[in-house]
Structure formats: C-alpha cells, structure tokens
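As structure tokens, the structure follows; a few thoughts come after it.
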Amino acid sequence: MNALLGLLFVLWCAVGLVAAGAFVARGADVALGEPASLTPGARLLLLPGAFLLWPLVLWRWRRAERAA
C-alpha cells in the first residue's frame, strides 16, 4: 500500500513538473488574459505554484485557449 502511494506521489510530481514547465514557458501569457510578456523573474515566481496546483493550472490554461 505504501509503495502504491509513493508511486502515485512520484507520478503526481512528474506530471506537475512537466505541466509547470510548459505553463511557465508558454501558457502563462495565454492564461493571464492580456497580451503581456512576463519577465524571467515573474516566470520563476510562477513555477512553484504551477507545480503544486497543476490540475487547476491546466484547466485554466485550456479554458483561456478556448476563449481566445
């Protein structure tokens, strides 16, 4: 049981890293709604939050792309 929970945690973190990296690299400009470029420092600050909240980030990013 502990091995299964550990595997799920590792998978959650791996998906979170990929999603956060993609969001910070390309999706943050789309999801913010305004056509504004982010500085590298702002992108760095977004990375931990995008990593932890990746399901919400992907949902908002997808919704913003549909609206555009």
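The values are calculated or read from the model by the stated rules, or taken from the named source; none is laboratory data. Since the structure is predicted, the reported quantities are computational estimates derived from the model, not experimental observations. Counting neighbours? That spans all protein chains shown, and the Cβs are built from the backbone with ideal geometry, glycine included.
Considering the conditions (1) of a type in the set (A, V, I, L, M); (2) touching a Gly at 6+ places or on another chain (Cβ under 9 Å); (3) part of a loop (DSSP other than H, G, I, E, B), residue 38 is excluded by exactly one of them, (2).
Please tell me if residue 47 is without any contact (Cβ under 8 Å) to a residue 12 or more places away in the chain, hydrophobic (A, V, I, L, M, F, W, C) and closer than 24 Å to residue 67 by Cα. Let's see the steps before the verdict.
Values: without any contact (Cβ under 8 Å) to a residue 12 or more places away in the chain: no; hydrophobic (A, V, I, L, M, F, W, C): yes; closer than 24 Å to residue 67 by Cα: yes.
Spelling it out, it is not the case that residue 47 is without any contact (Cβ under 8 Å) to a residue 12 or more places away in the chain, hydrophobic (A, V, I, L, M, F, W, C) and closer than 24 Å to residue 67 by Cα.
Look through region 1-35, keep the residues that are exposed (fewer than 13 other Cβ atoms within 10 Å of the Cβ) and in a loop (DSSP other than H, G, I, E, B), and return whichever of them is modelled with the lowest pLDDT. Top of the filtered list is 35. Of all residues in region 36-60, exactly one satisfies the criterion of being touching a Phe, Trp or Tyr at 6+ places or on another chain (Cβ under 6 Å) and more than 11 Å from residue 21 (Cα to Cα), namely 57.
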